1. Could you tell me the calculated FRET efficiency between T14 and S112, based on Cβ-Cβ distance and R0 = 22 angstrom, to the nearest 0.05?
2. Around F30, with a cut-off of 13 angstrom between Cβ atoms, what is the net charge of the other residues, counting Lys and Arg +1 and Asp and Glu -1?
3. Quick one: accessible surface of T72, probe radius 1.4 Å, all protein chains present, in square angstrom to the nearest 10.
4. Quick one: if you stick a label point 7 Å off each Cα along the C-beta vector at V24 and N53, how many nm between them?
5. How charged is the neighbourhood of R137? Take every other residue with its Cβ under 13 Å from the Cβ of R137, and add Lys/Arg as +1 and Asp/Glu as -1.
6. Suppose R0 equals 45 Å; then what is the FRET efficiency for L158 and A129 from their Cβ-Cβ distance, rounded to the nearest 0.05?
7. Provide the gained length on full extension for the span Y170 to K105, in nm with one decimal, where the gain is 0.36 nm per separating residue minus the Cα-Cα distance.
8. If we count every other residue with Cβ under 9 angstrom of A125's Cβ, Lys/Arg +1 and Asp/Glu -1, where does the sum land?
Amino acid sequence: LGQPSYSDLFVRVTADAGAKHRFVVGALSFDDDILLTLKNDPVDRQEAIGDTNSHQAWLKVESAWSDALSSTTLLTTTRFPSTRHESVADLDELVGTVDDWRELKVLGLEQSWRYQPSDRQLWSAGFEAEERDAEYRYASLVDRRGLLATLGGTAPPLRNVALTPDGDSYGVYLEDRVRLTDRLVADLG
């Protein structure tokens, strides 16, 4: 039913910068749209439109500082917008509409370090930080007609909601992994 439309794109490029560093740049994007319109007769109308997108991009740097020490740094960005439109028009019973808008934006940074002083011990540490912003808008309108209008039940539930939450998240870790025997590994983190 309806007229769906889908597209996606994935790009990844890797480049070595000398013997110690590797850069990875990537992007992922998709777009899903749908339009659905049902018409039974001139006074009846139903419509639905949905548009969902996702755009992600990242830059990763992998570094081998020595045989024992390495690090990975990752910078990411994500944008996830989504829209929705609903419309129902039956003049004998109901007139209605819904409008919806959602968007999430995330910017992130991660870094991890690995140090292996011997084949029996591995130390790792890292951190991550994300900044998140979201926007959500919702609208609704209902106008009851026909029998409900005749009986006086025409109090439409008008709604309007607009939320804009945001926040940050942070994390750190530290780990010491030691191979005690060939079959036993202790992990403290």
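1. 0.75
2. -4
3. Probe radius 1.4 Å; accessible area of T72 about 50 Å².
4. Each label point is offset 7 Å from its Cα along the Cβ direction, giving 2.7 nm.
5. With Lys, Arg at +1 and Asp, Glu at -1, the neighbours total -1.
6. Between L158 and A129 the formula returns 0.65.
7. Between Y170 and K105, full extension yields an extra 21.8 nm.
8. Taking every Cβ under 9 Å from that of A125, the sum is 0.
The values are calculated or read from the model by the stated rules, or taken from the named source; none is laboratory data. A quick note: this is a predicted structure, and the numbers were derived from the prediction, not measured. Neighbour counts run over all protein chains shown; Cβ positions are idealised from the backbone, glycine included. Surface areas here come from the heavy atoms of the whole protein model, side chains and all, with no ligands, DNA or RNA. Shrake-Rupley method; radii C 1.70, N 1.55, O 1.52, S 1.80 Å.
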